[in-house]
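The structure appears below as structure tokens.
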Amino acid sequence: MRIGRRIVTTLKRTAVHAAPTVLGIIVLDFLFLQLMPGDVADVMAMEAGSATAETVAMMRERFGLDQPMLAQLMSFLGHLVHFDLGFSPRFNASVVDIILERLPNTLLLMMSALSLALLLGIAVGSVMAAWAGKWPDRVLSVVVLLLYSMPGFWVGLMAVVLFSVKLGWLPSDSNMTIGSDFTGWDLVLDRAAHLVLPALALATFFVAVYARLVRASMLEVQRQDFMRTAHAKGLHPFLIQLRHALRNALIPVTTVAGMHLGNLLGGAVVVETLFGWPGMGRLALEAVLGRDFSVLLGVLLLSSFLVILANVLIDLLHAWLDPRIGEA
Amino acid sequence: MTMRFNATRRATLVGLSAVALTGARAGAQTPKKGGTLTFLQNSEPTTLVSLTTTATPSLTNSAKTTEGLLEYDYDVNPRPGLATEWSISPDGLRYSFKLRPNVKFHDGKPFTSADVAYSIHLLKTVHPRGRNTYANVTEVQTPDPLTAIIVLSKPAPYLIKALTAAESPMVPKHIYEGADAITNQNGNAPIGTGPYLFKEWVRGSHVIFERNPHYWNPELPRIDRMVCKFVRDAGARSVAFENGSGDIGYRTPVALADLDRLKKVPHLVFSTEGTSYSYNVQCIQFNLDSEYFKHLKVRQAVAHAINRDALVKAVAYGYGTVSHVPIAPGLKEYHDPTPSPYGYDLKKAESLLDEAGFKRGSDKIRFKVPMDYNPIGDEGRRTCEFTRAVLGRIGIAVEIRAQDLSAFAKRVYTDRDFHFTYNGHSNLFDPTVGVQRIYWSKNFKKGVPFSNGSHYVNPRVDELLEGAAIENDPVKRKQMFLEFQKIYAQDVPDLSLYSPLYLTIKNKRVHDDSPTADGVEANMSRVWLDA
């Protein structure tokens, strides 16, 4: 019952907050993009290596770039009201189609990376907390520090050199073997093999963050009264750590993980480029370089939805982990 | 009398020489059938038919489905394509083409002269270069379904070289007629007469072409499938060549610094075949409205300070041919090999700067000036660093400015907010098409990339370029281009540096990938793979 009521209030609150947030994001994004020098007609003419005044003028007119800025913004918002993100002049396709094609790939990569980071981070953090100050803690601290200070793309590059070039175990480009007609189990294995390296490259930094967080919060919990009570009840130390210490320690971790979703989207740009992963991060980068603002605004809009959605989920997760949160 | 080329005999001759070449190279192997070729490409095209754009990624893929009237051997002599015979009237005003019979589009409709006429009309109206190339075309006559006659108002001596599949694609009239050419969905899922059928395009990842079983040449194509993979990261492309997940790539598809390492990989082959259709010339581009570079002596001083041989070694790792003029050495007919009158001489450079009134100040510096670079290749930054080092020695302090492609275009061609840049221009198949636009005063057009960005005005140059564009006599035409290059060398409106040498990198299992001047940008119908 309580959870049900909680979901309703959370959703209500989110809806009230989300609408102005999204509108603000769109308008600000749009205005910032206007500050960038050049437009899509410039890019397409430069890439073509040749242009005439007529072709450049024709492109501007066709893409609505000859309109005043306010008119362009109004036209974009007008389309948005009808759930239409517009048309991309570069891709010659509707923005919704372009994004929806990439969205599943990015979600898969992000979720795999986040799950990997959480699993490894929590496991490593718990071990470090359990042996705090002893050698497993010391060794893992060094490893975590290394992971924390190495940029993800470098980890990715090194992993490619080792696993893909030298050992030949894992593929390093794209999200599947293109042109192969795998089905069933082969298909799953093929996708999974392609996922390993990029997910790893994206996750390393976050593994370090979560490990440190879990270690700190678990150590803090150790001295609490309920832990002493649990010990006094004669529970197995492992169960105490799992049910009492870790569950409490998960609150800060999940909070931070929710916020990291935005960072992951940013990190995905680099990792997706490196591994040729056909996702939204690369799409965003290409849209910036190509000045394809309709696509970029679409990606930014969808990303803000993703972050808002993640926050809702984290809220609900907290309610389950600790029923006291947000009761008032 | 009309000049007539006996197509069959020419084809036989070319065929024989091709056999001889292959024999010398690969021990006369018989082509095998089947297999999948993975073609690595640096970036994704915006459309799969190069009708409305001439961006390289579109040129790379277009010919696989959509063919042209002619093909060209390595010396850019025409060979039969969709046209089997062709002739040019002596006054250069009528181009007649006999079309190949029984050619069908992928949707089963026949290819006829009506498609040729409509394609030329589209090229003249929506193609970025076609507006110039086909400017003199008044009509395309179609006396019968297999004859097309292009009629011109003035001679266009370059036209016969413009008919490759990628430069002048022959598209189906029944799909384009009455529809908007730019947003036409044929650009996303092309139907043509080509050796490969379009299968799928997964944006951000790849395009797949499959063997066309009804191709007009029943022997071809030989492979079952071509996967064109878009790999944006140069390091990732190196890895793909190394581990065998990529078969072929062109225009030196890896970082130049990686080449030495990759040349040691036993299964990789490096080739320069099929790079003669279009040459680039890289240059230091001056803004002739700049307070510094409007002075001829300052430009001459910069010319005296640059050692092109050293630059090619340092910047292009030796993969380039020095050129003192904007017509590339590869265009042998028109290139002037005379070295610049301003040879490498730092003392001379210093005295010219003194004469121009830019004396060294108390800090030894004559003036400070920013330099921008075209970011398309990775050599732009290095060229700027090289320039900064040598100009520093003659007292010019260079500050390098970086920006992306769009910002560069706007700065140079729209805002004209620059002093000098590193830039490059494609010569294409003829100086009238590729070179005239940069130096013709009437092509000083704000907002148009690769126009006369220096703002060079010389009435004699205008006269020569305009004359050569319509000169039907090859000897006179050559004289005009040579005189233009002499004037150019003296005026230094920009400083031509070198013509890059582009390598095709391929797995040694790939054969006959580049039998024509335009290499892998052609239809690749003859390519085959070892099992």
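Residues of segment A:168-186 being hydrophobic (A, V, I, L, M, F, W, C) and either crowded, with 23+ Cβ neighbours inside 10 Å or within 24 Å of A:V270 (Cβ to Cβ) (or both), which ones?
First, pick out the residues of segment A:168-186 that are hydrophobic (A, V, I, L, M, F, W, C): A:169-170, A:176, A:178, A:182, A:185.
A:W169, A:L170, A:M176, A:I178 - these are the residues of segment A:168-186 that are hydrophobic (A, V, I, L, M, F, W, C) and either crowded, with 23+ Cβ neighbours inside 10 Å or within 24 Å of A:V270 (Cβ to Cβ) (or both).
Quick check on my filter: what residues within segment B:393-424 are under 19 Å from B:Y456 (Cβ atoms) and either surrounded by fewer than 22 Cβ atoms within 10 Å (Cβ to Cβ) or away from every other protein chain (no Cβ under 12 Å) (or both)?
Within segment B:393-424, B:R411, B:T414, B:D415, B:R416, B:D417, B:F418, B:H419, B:F420, B:T421, B:Y422 qualify.
Taking A:V127 as the residue in question, decide whether it is modelled with pLDDT of 85 or more, farther than 21 Å from B:P449 by Cβ and in contact with a Leu (Cβ under 7 Å, 6 or more places away or on another chain).
yes
List the residue pairs whose Cβ atoms are under 7 Å apart, where the first residue sits in segment A:212-239 and is under 14 Å from A:A132 (Cα atoms), the second is not in a helix (DSSP H, G or I), and the two are 6 or more positions apart or on different chains.
A:L219/A:A132
For B:V312, only one of the following conditions fails: (1) in contact with a helix residue (DSSP H, G or I) (Cβ under 8 Å, 6 or more places away or on another chain); (2) farther than 15 Å from B:Y488 by Cβ; (3) in a helix (DSSP H, G or I); (4) not basic (K, R). What is its number?
Every listed condition holds for B:V312 apart from (1).
Evaluate segment B:94-105: report whether one residue or more is outside any strand (DSSP E or B), more than 14 Å from chain A (Cβ to nearest Cβ) and touching a helix residue (DSSP H, G or I) at 6+ places or on another chain (Cβ under 6 Å). Reasoning before the result, please.
Restricting attention to segment B:94-105, the residues satisfying the condition of being outside any strand (DSSP E or B) are B:100-103, B:105.
Going one step further and asking which of them are more than 14 Å from chain A (Cβ to nearest Cβ), we end up with B:100-103, B:105.
Right, trim to touching a helix residue (DSSP H, G or I) at 6+ places or on another chain (Cβ under 6 Å) and you get none.
Within segment B:94-105 (the criterion being outside any strand (DSSP E or B), more than 14 Å from chain A (Cβ to nearest Cβ) and touching a helix residue (DSSP H, G or I) at 6+ places or on another chain (Cβ under 6 Å)), the answer is no, since none of the residues qualifies.
Does A:L219 satisfy the criteria of being of a type in the set (A, V, I, L, M, F, W, C), part of a helix (DSSP H, G or I) and under 22 Å from the mean Cα position of the chain (by Cα)?
Numbers: of a type in the set (A, V, I, L, M, F, W, C): yes; part of a helix (DSSP H, G or I): yes; under 22 Å from the mean Cα position of the chain (by Cα): no.
The answer is no for A:L219.
Could you tell me which residue of segment A:250-281 is farthest from A:F205 (Cα to Cα), considering only residues that are facing another protein chain (nearest Cβ under 8 Å) and more than 13 Å from the chain's Cα centre (by Cα)?
A:P278
When the residues of segment A:40-73 are filtered to those that are more than 7 Å from chain B (Cβ to nearest Cβ) and outside any helix (DSSP H, G or I), which remaining residue is surrounded by the most Cβ atoms within 10 Å (Cβ to Cβ)?
Result: A:F63.
Collect the residues in segment B:448-482 that are assigned to a helix (DSSP H, G or I) and in contact with a Leu (Cβ under 6 Å, 6 or more places away or on another chain), keeping them in residue-number order.
Once the filter is applied, which keeps residues that are assigned to a helix (DSSP H, G or I) and in contact with a Leu (Cβ under 6 Å, 6 or more places away or on another chain), segment B:448-482 yields only B:M480.
Among the candidates A:F305, A:F293, single out the residue that is away from chain B (no Cβ under 14 Å), aromatic (F, W, Y) and out of contact with any Ser or Thr (no Cβ under 8 Å at 6 or more places or on another chain). Quick ask: steps written out before the conclusion?
Values: A:F293 fails: away from chain B (no Cβ under 14 Å).
Result of the check over A:F305, A:F293: A:F305.
Within segment A:156-211, which residues are more than 21 Å from B:L40 (Cβ to Cβ), β-branched (V, I, T) and modelled with pLDDT of 80 or more?
Listed by number, the residues that qualify are A:V188, A:V196, A:T204, A:V207, A:V209.
Which pairs turn up if I take residues in segment A:163-182 that are more than 9 Å from chain B (Cβ to nearest Cβ) and touching a residue at least 40 places away in the same chain (Cβ under 8 Å) and look for partners that are buried (at least 19 other Cβ atoms within 10 Å of the Cβ) and hydroxyl-bearing (S, T, Y) with beta carbon separation below 8 Å, at least 6 apart in sequence or on another chain?
No pair meets every condition.
Search segment B:356-372 for residues that are among the basic types (K, R) and pair each with any residue that is at pLDDT below 95 and loosely packed, with under 13 Cβ neighbours inside 10 Å when their beta-carbon atoms are under 7 Å apart and the residues are at least 6 apart or on different chains.
Between residues of segment B:356-372 that are among the basic types (K, R) and residues that are at pLDDT below 95 and loosely packed, with under 13 Cβ neighbours inside 10 Å, the close pairs are B:R366/B:K359.
Which one is nearest to the other protein chains (Cβ to nearest Cβ) among residues in segment B:155-204 that are in a loop (DSSP other than H, G, I, E, B), out of contact with any helix residue (DSSP H, G or I) (no Cβ under 9 Å at 6 or more places or on another chain) and farther than 30 Å from B:E139 by Cβ?
Checking each candidate, the answer is B:N188.
The values are calculated or read from the model by the stated rules, or taken from the named source; none is laboratory data. Bear in mind that the values here come from a model prediction, so they are computed numbers and not experimental data. Note that each Cβ is placed from the backbone with ideal geometry, even for glycine, and that neighbours are counted across all protein chains shown.
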